[in-house]
Structures are given as C-alpha cells and as structure tokens.
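The values are calculated or read from the model by the stated rules, or taken from the named source; none is laboratory data. Note that the coordinates shown come from a computational prediction; the quantities given were computed from them, not determined experimentally. Glycine gets a Cβ as well: all are built from the backbone with ideal geometry, and neighbour counts include every protein chain shown. When the accessible area is computed, the model is the full protein with side chains, heavy atoms only, and any ligands, DNA or RNA have been set aside. Shrake-Rupley method; radii C 1.70, N 1.55, O 1.52, S 1.80 Å.
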Amino acid sequence: MTKNNKQLDKIIALAKRRGFVYPSSEIYGGFAAIYDFGPYGSLLAKNIKDYWWKKMTQEKENIVGLDSAIFTSPKVWEASGHVSGFSDPLMECKNCNARLRADTLLEEVGVFADEKMSEKEIIEIFLNNKDKHKCPNCGKKDFSEPKSFNLLVKSNLGNFTGDFEKDPAYLRGETAQGIYINYKNVMDTSRVKIPFGIAQIGKAFRNEITARQFIFRTREFEQMEMQYFIHPDMTKDEYEKLKKERWQFYLDLGIKEDNLKWKKHEKLAFYAKEAYDIEYNYPFGFKELEGIHARGDYDLSQHSKHSGQSLEYLDPETKEKYIPHVIEASGGVGRAFLAIICDAYCEEELENDTRTVLKIDKKIAPIKVAIFPLLKNKEKLFNKAKEIYNNLKNQYYCEFDSSGNIGKRYRRQDEIGTPYCVTVDFDSLENDDVTIRDRDTMKQHRVKIEDLETFLKDNLNV
Ligand code: GAP
C-alpha cells in the first residue's frame with residue numbers, strides 16, 4: 001500500500017469515527033458510491049455551501065440565487081444533449097462480469113485519457129492498447145466490446161405504464177440546466193441586466209460506472225454552480241475574472257496554494273468552448289475539484305430551438321438582440337469537502353503521544369468552541385461551564401463536554417477541527433476567567449468570561 005493510499009485510509013477512518021461521513025445503507029451492507037454526511041460532516045458541508053452562497057450572491061450585485069427542482073421535463077435533457085451525448089465507455093469482464101470503464105483501465109496501464117475526451121476516442125485508444133489490460137477484479141484479459149453507457153439516472157416519476165425505460169423522467173445530471181430553463185423567468189421577474197449570473201446549489205445524479213476514491217466520485221452528489229450570462233464580446237475578460245475568483249475562493253477556505261493547479265482541457269465536453277479545471281492534490285493525485293467552462297450560446301440556443309420560445313436578450317440601451325453567452329463555475333460540495341479535510345489533516349508528534357488534528361479554516365469549522373468543566377462531578381464548575389455554553393450557543397455551534405480527562409477531550413475536539421476549547425477550573429470560580437486553548441498552537445491563556453465573546457468574534461472570522 002502506498003503512503004498516499006494509507007493517508008486516504010486514515011482520512012476515511014477519521015471521517016467515519018468522528019461522524020463526518022458514513023457509507024450509505026451500512027446496516028444493509030452498503031450501497032455503492034453513495035455516502036451520508038454525519039453530524040459534523042453535515043455541518044462542514046453546510047458551512048462550505050453557505051460560504052459559497054455568500055460569496056456568489058450576497059456579495060455580488062448582479063448574481064441572484066435559484067432553487068430549481070431536481071426533476072424537469074425529459075425534453076430538457078434531450079435539448080441539452082445529455083440524452084445523446086452524456087455517456088462513458090462501459091465494458092464487462094467476460095470472466096467475472098465486473099463492469100469497467102475503458103478510460104479507467106487505460107489509466108491503470110499509464111495511458112491517461114482526458115476526462116472530457118470523446119468516448120469514441122477513448123474506445124479507440126483502448127482497442128489499440130487491448131493486450132495490456134487485465135480485469136482489476138479477477139486478473140483475466142477477456143472483455144466485451146466497449147459500448148456507450150449513458151450516465152443520466154432514470155426514474156418512473158409520473159409514469160404509470162411501468163415502462164419507464166421507454167419514457168423516463170431523469171434525475172438531473174447537472175444543476176445548470178435548471179438555471180437555463182429559468183433564465184427567462186429570472187430576467188422577467190428581477191431587475192437583472194446583462195452581464196448577470198444565476199447561482200444554485202443542489203443535488204445531481206450520475207450513473208457513474210466505476211465510483212472510487214471515497215466521496216470523490218459518487219452517484220449522488222451536490223453541485224455549486226453559477227451560470228453567468230454575458231455579451232459574446234465579454235467572454236475573454238469575464239472568463240479570466242471568474243477563474244481568478246474561483247481560485248481565490250479555495251485559498252480563502254484555507255487550502256494550500258501548492259495543492260492547487262490549473263488544467264486546461266484540450267478536448268472539450270459537448271457543450272464547452274473553453275474549459276479549465278481547478279485541480280486539487282488529493283492523496284490519489286491531482287484531480288478535478290471544479291470546472292470553469294465557457295459554454296458559448298450552446299445551452300440557450302438548444303432550449304430555444306427545442307421549446308420554440310425566444311431566449312434572446314434585447315439590450316435596453318443599444319437595442320441589440322442576441323442570445324447571451326454563458327460562462328460557468330461548477331464545483332462539487334463533496335470534492336471541496338474532501339479537499340478541505342485532506343488539506344487540514346495533520347499528525348503531530350508530541351512528547352508521549354501523536355495528536356491527529358484537522359486544521360480546518362476557522363470560519364468553516366463545524367464546531368467553533370468546546371466548553372469543559374475541569375471536573376465533571378463538581379457542581380459549581382459544571383454549572384458555570386453550562387452557563388457559558390448556554391450564552392455562546394446562540395451565536396456559535398458549541399459543544400459541552402464533561403466526560404473523561406481534559407487531554408482526551410482536547411484530542412476529540414482536535415480531530416473534529418474545533419478552533420477553541422474553553423476550560424472552567426477552580427480559579428474561574430474566584431476570578432471569573434477561563435482558559436482558552438488554541439487548536440493549532442495548543443497554547444493556552446486566560447480570558448475574562450465577560451471578554452469571551454469579543455475574543456471569539458475577533459478570532460473566529462465568521
Ligand atoms: N455544469 C457543468 C458540469 O456539471 P462537470 O465537470 O461534469 O461539469 C462539475 O461537473 C463538478 O461537479 C466537478 O468539478 C465536480 O466537482 C462535481 N462532480 C461531477 N461529477 C461528480 C461525481 N460523480 N461525484 C462527485 N462530484 C462530481
């Protein structure tokens with residue numbers, strides 16, 4: 001096992017042990033490529049989403065929010081090109097029936113297909129390298145011919161004939177389509193003018209053939225997407241601006257810049273005119289964290305053609321009529337979550353111990369402050385600590401913990417990334433002060449109880 005695989009295993013174990021991420025349906029033996037976020041995981045995911053939402057909508061004069069439904073008319077996915085063009089090259093091992101992706105098998109023999117390379121090209125490269133491959137499951141070299149497998153997830157919603165294969169409603173494969181089909185509604189009902197953006201956070205579903213690497217590639221996941229509608233002449237400048245902002249977003253979340261890099265796509269997805277990814281250095285290598293795409297007028301033109309509705313924009317000043325072009329920022333909540341915990345994970349050698357600590361940026365840490373009475377069976381300490389907890393919990397996610405020795409309580413909070421621990425001891429009863437311990441430096445100092453709120457406000461940066 002390589003060092004990096006070990007690192008990922010440790011992170012997966014911590015995520016389970018401390019209530020960040022659970023495999024879905026675990027009591028039934030699991031459900032492949034689906035995960036649930038536990039108490040701390042759901043808080044961390046929420047903090048990432050809230051920060052994105054604040055940056056994308058509240059702090060922007062010309063970007064508005066949307067929450068469109070997961071289900072749409074199936075016509076949306078025909079118009080968008082997903083029904084005909086959103087697929088991966090699937091093949092089966094004839095010996096053990098494992099389902100495999102041709103590009104993944106190529107990767108295993110050191111041939112890296114671009115994620116957005118056309119399927120035909122991937123299949124061609126695969127067939128040219130056919131002799132090199134063996135099934136990762138059973139080791140045999142006998143595969144079916146690769147065929148195109150559509151990633152859209154089908155459902156029988158509203159279909160009472162039972163034949164949903166023939167007439168399916170799709171779960172959305174990207175949240176972006178919900179934005180395009182509401183572009184006209186938003187324009188007609190709010191005061192936006194080009195250039196303007198529509199932001200949305202929501203679930204998306206893809207029938208990924210091979211889902212690996214923990215929450216990196218799952219079949220149900222959440223996207224944070226912003227579609228920016230512009231005049232075609234603005235594309236170059238606005239695209240560069242968006243790229244800069246998206247890079248800065250990840251730095252603001254505390255990710256080390258050395259662990260980020262740009263990847264330009266030479267081969268483009270069916271909708272894209274230009275595409276860059278921000279990649280993160282996951283334990284399994286640099287992989288896509290977010291895509292920033294220039295989609296031209298592809299989507300609005302397609303929806304206009306298929307729906308028969310004009311989606312043209314009339315410039316109120318120049319009177320020019322045109323179909324706006326779109327640039328998008330499309331990130332995954334799970335991928336940001338994984339990047340953040342990988343980046344924050346540290347093991348530090350202490351005198352008699354190793355401490356595991358998640359140095360998550362304070363503004364997105366799930367729990368901001370933990371409050372401890374030094375001893376649990378001393379009523380006065382317990383009550384004073386509870387009083388502090390009750391005062392702070394209106395403002396911050398706090399935890400009250402009176403169990404075990406203080407060292408163990410610190411370790412537990414370190415593992416969930418709590419920036420500050422406050423201990424109430426016997427001096428607190430005399431002097432009305434407490435000890436504050438800093439997660440990253442482990443340094444402790446005394447603060448008057450009446451100054452606690454100011455201290456936290458100045459240091460938590462929320
Ligand atoms: N609207 C454009 C779009 O959906 P994409 O590159 O297919 O583009 C955008 O996906 C982002 O969504 C990715 O950068 C990634 O963060 C996330 N994502 C895509 N597929 C995913 C999956 N199977 N599991 C987890 N996240 C995924």
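At a glance:
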quantity: Residues satisfying the stated conditions in segment 228-247, i.e. over 20 Å from Asp315 (Cβ atoms) and either within 16 Å of the ligand (Cβ to nearest atom) or in contact with a helix residue (DSSP H, G or I) (Cβ under 9 Å, 6 or more places away or on another chain) (or both); calculated: Tyr239, Leu242, Lys243, Glu245, Arg246, Trp247
quantity: Which numbered condition Ser68 fails, given (1) part of a loop (DSSP other than H, G, I, E, B); (2) surrounded by fewer than 16 Cβ atoms within 10 Å (Cβ to Cβ); calculated: (2)
quantity: Extreme residue, nearest to the ligand (Cβ to nearest atom), among residues of segment 258-306 that are open to solvent by 70 Å² or more (accessible area, probe 1.4 Å) and within 25 Å of Ser87 (Cβ to Cβ); calculated: Phe270
quantity: All strands (runs of 3 or more DSSP E) inside segment 257-302 with 2 or more residues being closer than 22 Å to Asp233 by Cβ and among the hydrophobic types (A, V, I, L, M, F, W, C); calculated: 285-296
quantity: Filter result (at positive phi and small (Gly, Ala, Ser)) within segment 393-438; calculated: Gly404, Gly417
quantity: Residue satisfying all of: in segment 410-447; part of a helix (DSSP H, G or I) and farther than 20 Å from Ala344 by Cβ; least open to solvent (accessible area, probe 1.4 Å) among these; calculated: Ser428
quantity: Single condition Lys203 does not satisfy, out of (1) closer than 18 Å to Val333 by Cα; (2) over 17 Å from the mean Cα position of the chain (by Cα); calculated: (2)
quantity: Criterion (touching a residue at least 12 places away in the same chain (Cβ under 8 Å), of a type in the set (A, V, I, L, M) and surrounded by fewer than 21 Cβ atoms within 10 Å (Cβ to Cβ)) met by exactly one of Leu374, Leu314, Leu338; calculated: Leu374
quantity: Residue count, segment 138-162 (criterion: open to solvent by 90 Å² or more (accessible area, probe 1.4 Å), over 15 Å from Asp103 (Cα atoms) and in contact with a strand residue (DSSP E or B) (Cβ under 7 Å, 6 or more places away or on another chain)); calculated: 2
quantity: Residue that is open to solvent by less than 70 Å² (accessible area, probe 1.4 Å), at positive phi and either in the same structural domain as Gly334 (by TED's automatic domain parsing) or modelled with pLDDT of 95 or more (or both), where the choices are Ala79, Ala33; calculated: Ala33
quantity: Of residues in segment 129-183 being farther than 16 Å from Ala79 by Cβ and assigned to a helix (DSSP H, G or I), the one farthest from the ligand (Cβ to nearest atom); calculated: Asp131
quantity: Selected residue (criterion: farthest from the ligand (Cβ to nearest atom)) from residues of segment 186-208 that are open to solvent by 20 Å² or more (accessible area, probe 1.4 Å) and more than 24 Å from Lys54 (Cβ to Cβ); calculated: Asp188
quantity: Out of Lys319, Lys273, Lys256, sole residue that is assigned by TED's automatic domain parsing to the domain that holds Ile230, out of contact with any Pro (no Cβ under 9 Å at 6 or more places or on another chain) and within 30 Å of Lys408 (Cβ to Cβ); calculated: Lys256
quantity: Given (1) crowded, with 16+ Cβ neighbours inside 10 Å; (2) more than 16 Å from the ligand (Cβ to nearest atom), number of the condition Ala15 does not satisfy; calculated: (2)
quantity: Filtered residues of segment 443-462 (kept if touching a residue at least 40 places away in the same chain (Cβ under 8 Å) and under 32 Å from the mean Cα position of the chain (by Cα)); calculated: Glu453, Leu456, Asn459, Leu460, Asn461, Val462
quantity: Among (1) modelled with pLDDT of 95 or more; (2) aliphatic (A, V, I, L, M); (3) within 16 Å of the ligand (Cβ to nearest atom); (4) farther than 27 Å from Asn4 by Cβ, the one test that Ile323 misses; calculated: (3)
quantity: Positions within segment 18-30 being open to solvent by 50 Å² or more (accessible area, probe 1.4 Å), closer than 18 Å to Gly334 by Cα and among the aromatic types (Phe, Trp, Tyr), in sequence order; calculated: Tyr22
quantity: Output for segment 1-36, where each listed residue is farther than 16 Å from Arg212 by Cα, aromatic (Phe, Trp, Tyr) and either part of a strand (DSSP E or B) or in contact (Cβ under 8 Å) with a residue 24 or more places away in the chain (or both); calculated: Phe20
quantity: Conditions (1) modelled with pLDDT of 85 or more; (2) within 30 Å of Glu266 (Cβ to Cβ); (3) of a type in the set (D, E, K, R); number of the one not met by Lys120; calculated: (1)
